[in-house]
Amino acid sequence: MGGAAFDLETCARPNIIALQPYRCARDDYKDDGNNTLLDANENSYGPSLSTDLSTNHEVNGSTLRLAGLNRYPDPHQIELKQLLCDLRQSTGSLTKLKPDNVFVGVGSDEAIDGLIRCFCVPGVDKILVCPPTYGMYTVAAQVNDVEVVKVPLEVEGQSPSFDIQPTKIKDILEGDSRIKLVYICSPGNPTGKLVDPARLKALLEYNWNGVVVLDEAYIDFASHGKSLACWVNDYPNLVVMQTLSKAFGMAGIRLGFAFAPSGIAGLLNNLKAPYNVSSLTSALAIRAVSEAGLQVMRSHRELIVGQRERLVRELSNISRVGRFLGGYDANFLLVEMLNGPKFLGGHPDNKTAQMVYSRLAEAKGIVVRYRGNELGCTGCLRITVGTEDETTKLLEKLEEVFQEIA
Ligand SMILES: Cc1ncc(COP(=O)(O)O)c(C=O)c1O
């Protein structure tokens, strides 16, 4: 079992270990509806909304109230955290995920940043990322004056695996004790590929005084396998991040979360702003992860997976569309644009990809993502899977673009 060398007390920043979190009077005396609340300088007359506050909004079978918005939200969000634990509790796992294993924040972007602030001393410590990967790990590191070390995914060869390289990561960690966090994205962005659990295990078995952060933003789209959130009960230095922005379709409410051993989750909760998750966000999040919301999520996911399969089939029929790189485990595809038809030996090409990208946007009103400059992604666009109509439009317009630039 890995993790023996991990010591939270020496791994986290001393100022964070010593931090006395902000406390409010309602940590002592709950807002149970009976107390007169004159402790937080709120406005007892109510929110400045001209709408009739007595109107109740029905969402996923339960009532959403606006009337309490003059009060600060719950800093602890235990009800939401319990539902998130229930969502990811694996039937095979003996140990249960509990609310004290959870951090909830303003998107998983808050967890990405919070972990860096928790573990990395600015100007001294480092994080490790595996390109091609999600850009916010590096942005958050730069904001915090933390250096980024790169160990690429496996991108060499005719058909690269785009999987992590645990041995290479271990070699780098061995030689650099200032690396405190390793960010791994599974399914990867932009690769759309689930990391092999055996490779992840190999990394987690390595004894070092740092934390592996597994970003599962797209996990509900994976064609096989499931969330490894429960592994936080087995590995003292694993954090698993997720979000309601993708499969749950709630990017606008900004709700991300991280499962972690209770010591790490406790530090993240101590350092966050006390009222980071708004009342509306948590009320909507609770409805999204309750049974009625899960049913909607699953039916949308089925539609997205159906369109993803259709896109793979129909894009393949376009002569200047090359290979799909990575995998089919997310709600997007990473696909090569060729400088000529495949039957005439066309190659993936950044100039073509850039041309297709801008023509699709400027002449056809379809915005995809150019990823040709990412490691191992020459000539690639990343295309999000949309509705059936959006897919039809994309396929039609892409063919037109290729005719126009031929
Ligand atoms: C891999 C990955 N992680 C995290 C996020 C951010 O998610 P959130 O909306 O929860 O901040 C994204 C968003 O695109 C992502 O691709």
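The values are calculated or read from the model by the stated rules, or taken from the named source; none is laboratory data. Keep in mind it's a predicted model, so treat the numbers as computed, not measured. Here the Cβ positions follow ideal geometry from the backbone for every residue, glycine too, while neighbour counts run over all protein chains shown. Keep in mind that these areas ignore ligands, DNA and RNA; they rest on the heavy atoms of the full protein, side chains included. Shrake-Rupley method; radii C 1.70, N 1.55, O 1.52, S 1.80 Å.
If we only count helices (runs of 4 or more DSSP H) wholly inside segment 249-335, which ones have 1 or more residues that are farther than 30 Å from Cys11 by Cα and among the small types (Gly, Ala, Ser)?
Details: elements: 262-271, 279-288, 291-316.
It comes to 279-288, 291-316.
What residue, of Asp145, Asp109, is in contact with a Ser or Thr (Cβ under 9 Å, 6 or more places away or on another chain), farther than 19 Å from Asn237 by Cα, at pLDDT 95 or above and open to solvent by 10 Å² or more (accessible area, probe 1.4 Å)? Reasoning before the result, please.
Working: Asp145 fails: in contact with a Ser or Thr (Cβ under 9 Å, 6 or more places away or on another chain).
Among Asp145, Asp109, only Asp109 is in contact with a Ser or Thr (Cβ under 9 Å, 6 or more places away or on another chain), farther than 19 Å from Asn237 by Cα, at pLDDT 95 or above and open to solvent by 10 Å² or more (accessible area, probe 1.4 Å).
Return the pairs, sorted by first residue and then second, in which the second residue is among the basic types (Lys, Arg) and away from the ligand (no atom under 11 Å from the Cβ), the first residue lies in segment 128-143 and is touching a residue at least 60 places away in the same chain (Cβ under 8 Å), the beta carbons are less than 6 Å apart, and the residues are 6+ apart or on different chains.
Note: pairs meeting the criteria are Pro131/Lys150.
Just to verify a result, which residue in segment 340-358, among those that are among the hydrophobic types (A, V, I, L, M, F, W, C) and touching a Leu at 6+ places or on another chain (Cβ under 8 Å), is surrounded by the most Cβ atoms within 10 Å (Cβ to Cβ)?
Looking at residues that are among the hydrophobic types (A, V, I, L, M, F, W, C) and touching a Leu at 6+ places or on another chain (Cβ under 8 Å), I get Ala353.
Take residues that are among the charged types (D, E, K, R) and within 16 Å of the ligand (Cβ to nearest atom) and tell me which of the helices (runs of 4 or more DSSP H) falling wholly in segment 91-200 contain 1 or more.
Counting at least 1 such residues, we get 107-119.
Just checking, how many residues over segment 211-248 are closer than 20 Å to Asp113 by Cβ, part of a loop (DSSP other than H, G, I, E, B) and away from the ligand (no atom under 12 Å from the Cβ)?
1
Name the helices (runs of 4 or more DSSP H) wholly inside segment 1-89 in which the number of residues that are closer than 30 Å to Val124 by Cβ is 1 or more.
8-11, 14-17
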